[in-house]
Structures are given as C-alpha cells and as structure tokens.
Amino acid sequence: MTDKKSLRIVYMGTPDFAVESLKALVEGGYNVVGVITMPDKPSGRGYKIQYSPVKEYALSQHLPLLQPEKLKDETFLEALRKWRADLQIVVAFRMLPEVVWNMPRLGTFNLHASLLPQYRGAAPINWAVINGEKQTGITTFFLSHEIDTGRIIQQESIDIAETDNVGTVHDKLMIRGARLVTDTVDKILNGTVQTRDQSEFLTADTVLKPAPKIFKETCRIQWDQPVETIYNFIRGLSPYPAAWSELEDTNGNRVSIKIFETEKVAEQPNLPCGTIRTDGKRFIDVAANDGYIRILALQLSGKKRMSAKDFLCGNSLQKGEKFVL
C-alpha cells in the first residue's frame, strides 16, 4: 500500500485560502512533488509584478512550480506528466480540462467552500453570507466534466454568526478546509473513501442557490430593500471586494464610498430610501424600506478605511444628501 511519503501529489491553487491546505500537506509530511498556480500579474499603482500567495509559499518551501497561461498547452501538459502525480488536489484555482484532471491514477479532488450541491460557482462564501445563511461548510469532491458537480467525498459544516462577514467565514473555512484536505488524502491512501453522488443530497423541494463570480456592479447597494437584506449584503462583501454606493450632495455631485461594517436600526423610517440622517459627530444612518442602516466603517474613493466618527470629523454631511438608489 502507498504511504503518504511515497504518494506523489500535485497541488493547484492561487489565493490565501489555498495556502493553508498546501501548508498542512507539506508540514504533515505528504509528498508534494509540484505546485501549479496562476501566472504572475502586475498589481497596484506601480504595476509591480505580484506573486500569488501560493507561489510565495511554494518558493519558501523550494517546491517545483508551474504557472501555465493555458492549461491545454502541450508544453505545460508534458511538464505535468513528468511529475508523475498519483493524486492532484485543487483549492481555489480554475476550471481544469479533462486532460489535466483525468491524468493521475487516483484522480483529482477539489476543496470547495460550501456544502455542495449548494453554492456551486466562484464565490460561495460571499453568496452564503449575502443570502443570510446560518450555516455553510466545505466539501471535498472528485472532479468530473461539469464544474462543482463531482462525487462528494467529505463535508464539514460551520455556523455563520449574525456578526460574521465574508472575511471571518473565509478564515474559519480555510482552517477547517486544510484539515479536511489531509483527512481526504488519508482516506484515499487507506482505501476507505466512499463517495456520494450530489443528487443524493437533493429532495423534491430543494432549491439550488448559485455562487457566480462577483463583479464591481454586483457590489452596488440597493437602498430600497429591507434592512436585513442590505445588512447581509454588506457583510457578505466585507472586507473584499466591498459593497459600495454613490453619495450625492445637494448640488448633484457624486462620490463613490465603500461600506464595510453596519448595524441594523429597527425604527420605521420617515425619509426616502437612501437618504442620510446624522448628528454630524457620531453616527450616519441611511434609510431603507423598513428601517435604517447605521454605517460603522467606510472608505472614500482614494482614501483609507475609517470609522463613521472619523469620517464625520473631516467631512460635513448636509441635510438632503443621499445615497443613489
């Protein structure tokens, strides 16, 4: 029987979320023979080349590295074959062609940050919080032809607290996910894996909720919705990529503001949706359709994140100013 030191693993991932699982494999003594991550890209005002977090960690551990532009490129495929992987593990990478995921003798499994089949797609953590879920989780599953639809190996759930945002849920799942990855490898090694088709998790009443990629326009706040909906929307995008809105003054001038943290104010509004009320010193409330959203942390375009109190120290909000619906 193959042991963990001789099982040849190729790991694929890019962001911080993927580093924890790779680190668990390396520090756990598993035989990671190569790492695949996205190509370097320029970032920031100076367009300096920035390495992915997975590349940073792989270099620190002197792990062989590939950064293909195209996953069907024959030069990349030949380099991948030379690693002779028994198993491939994918965490927050990209959609793989069959020629890649079908290469290892033991297959390729993915760690997905939801309780599949719910929240298939690129942004499962964001959408679970945005939709006000009380629970989410992580899933390992073998890759197949359709994205996020393969046979489930293991799942673990976590609770989402009322005050959690996408950042806190991300970190919880990242830690749990690393443990689930190594546990899944162990089950593959000792031959105790029992997979289940995702259809077994569905009933006649199940409504599947998708988790599509989030774009800038996705993050615009709609102030004519219920307080609960807006509150969940903001925490489901905080701290990144961040919900935003345009503040319009009484002259019609607009400025973009990101909003990171809020509270719900259960008080029937007497102002049109999006309209601001403030004491000019301590609080900024925005009218929704059934109450107020109190802004606690925000960021003006081109400025640093700050508290509402600090914002009011340097910015005067006039009566009649509002956020654009």
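The values are calculated or read from the model by the stated rules, or taken from the named source; none is laboratory data. Keep in mind that what you see is a predicted model, and the values were worked out from it rather than measured. Note: ideal-geometry Cβ built from the backbone for every residue, glycine included; neighbour counts use all protein chains shown. Each accessible area value is taken on the protein alone, full model and side chains, heavy atoms only, with ligands, DNA and RNA left out. Shrake-Rupley method; radii C 1.70, N 1.55, O 1.52, S 1.80 Å.
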(request) Considering only residues that are open to solvent by 50 Å² or more (accessible area, probe 1.4 Å) and touching a helix residue (DSSP H, G or I) at 6+ places or on another chain (Cβ under 8 Å), look in segment 268-288 and name the one that is nearest to Ile130 (Cα to Cα). (result) Arg282
(request) Determine whether segment 4-20 contains at least one residue that is among the aliphatic types (A, V, I, L, M) and more than 26 Å from the chain's Cα centre (by Cα). (result) yes
(request) Looking only at segment 305-316, count how many residues are part of a loop (DSSP other than H, G, I, E, B) and modelled with pLDDT of 95 or more. (result) 1
(request) Scan segment 100-130 residue by residue and report those that are of a type in the set (Gly, Ala, Ser) and either outside any loop (DSSP other than H, G, I, E, B) or open to solvent by less than 50 Å² (accessible area, probe 1.4 Å) (or both). (result) Gly107, Ala113, Ser114, Gly121, Ala123, Ala128
(message) Take Glu228 and tell me if it is among the charged types (D, E, K, R), more than 19 Å from Gly320 (Cα to Cα) and part of a helix (DSSP H, G or I).
(response) yes
(message) Here is a check on your reading of the model: is Ile214 within 24 Å of the chain's Cα centre (by Cα), hydrophobic (A, V, I, L, M, F, W, C), modelled with pLDDT of 95 or more and open to solvent by 20 Å² or more (accessible area, probe 1.4 Å)?
(response) yes
(message) I need the full set of residues from segment 250-300 which are within 19 Å of Asp310 (Cα to Cα), part of a loop (DSSP other than H, G, I, E, B) and touching a residue at least 60 places away in the same chain (Cβ under 8 Å), in order please.
(response) none
(message) Could you check segment 219-267 and list, in sequence order, the residues that are open to solvent by less than 20 Å² (accessible area, probe 1.4 Å) and out of contact with any strand residue (DSSP E or B) (no Cβ under 7 Å at 6 or more places or on another chain)?
(response) Asn232, Arg235, Gly236
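Which of the following residues is closer than 27 Å to Thr14 by Cα, touching a residue at least 24 places away in the same chain (Cβ under 8 Å) and surrounded by fewer than 17 Cβ atoms within 10 Å (Cβ to Cβ): Ile152, Ile147?
Ile147
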(message) So in segment 158-211, with the set limited to residues that are outside any helix (DSSP H, G or I) and touching a strand residue (DSSP E or B) at 6+ places or on another chain (Cβ under 7 Å), which one is nearest to Phe142 (Cα to Cα)?
(response) Thr195
(message) Take residues that are free of Cβ contacts under 8 Å to residues at least 60 places away in the same chain and surrounded by 15 or more Cβ atoms within 10 Å (Cβ to Cβ) and tell me which of the helices (runs of 4 or more DSSP H) falling wholly in segment 1-99 contain 3 or more.
(response) 53-60, 74-82
(request) Give segment 195-211 a look and list any residue that's surrounded by 15 or more Cβ atoms within 10 Å (Cβ to Cβ) and within 18 Å of the chain's Cα centre (by Cα), or say none. (result) Lys209, Ala211
(message) Among (1) over 21 Å from Val19 (Cβ atoms); (2) in contact with a helix residue (DSSP H, G or I) (Cβ under 8 Å, 6 or more places away or on another chain); (3) assigned to a loop (DSSP other than H, G, I, E, B), there is one condition Glu133 misses while meeting the rest; what is its number?
(response) (2)
(request) Just name the residue that is farthest from the chain's Cα centre (by Cα) out of those in segment 294-325 that are open to solvent by 90 Å² or more (accessible area, probe 1.4 Å) and closer than 24 Å to Glu228 by Cα. (result) Lys309
(request) Any chance you could count how many residues in segment 268-291 are modelled with pLDDT under 95 and of a type in the set (Asp, Glu)? (result) 1
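To keep it simple, each residue is scored yes or no on (1) small (Gly, Ala, Ser); (2) closer than 17 Å to Gln194 by Cα.
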position: Pro124; (1), (2): no, no
position: Trp127; (1), (2): no, no
position: Ile130; (1), (2): no, no
position: Gln135; (1), (2): no, no
position: Arg151; (1), (2): no, yes
position: Gly167; (1), (2): yes, no
(request) Within segment 139-157, count every residue that is of a type in the set (Gly, Ala, Ser) and outside any strand (DSSP E or B). (result) 2
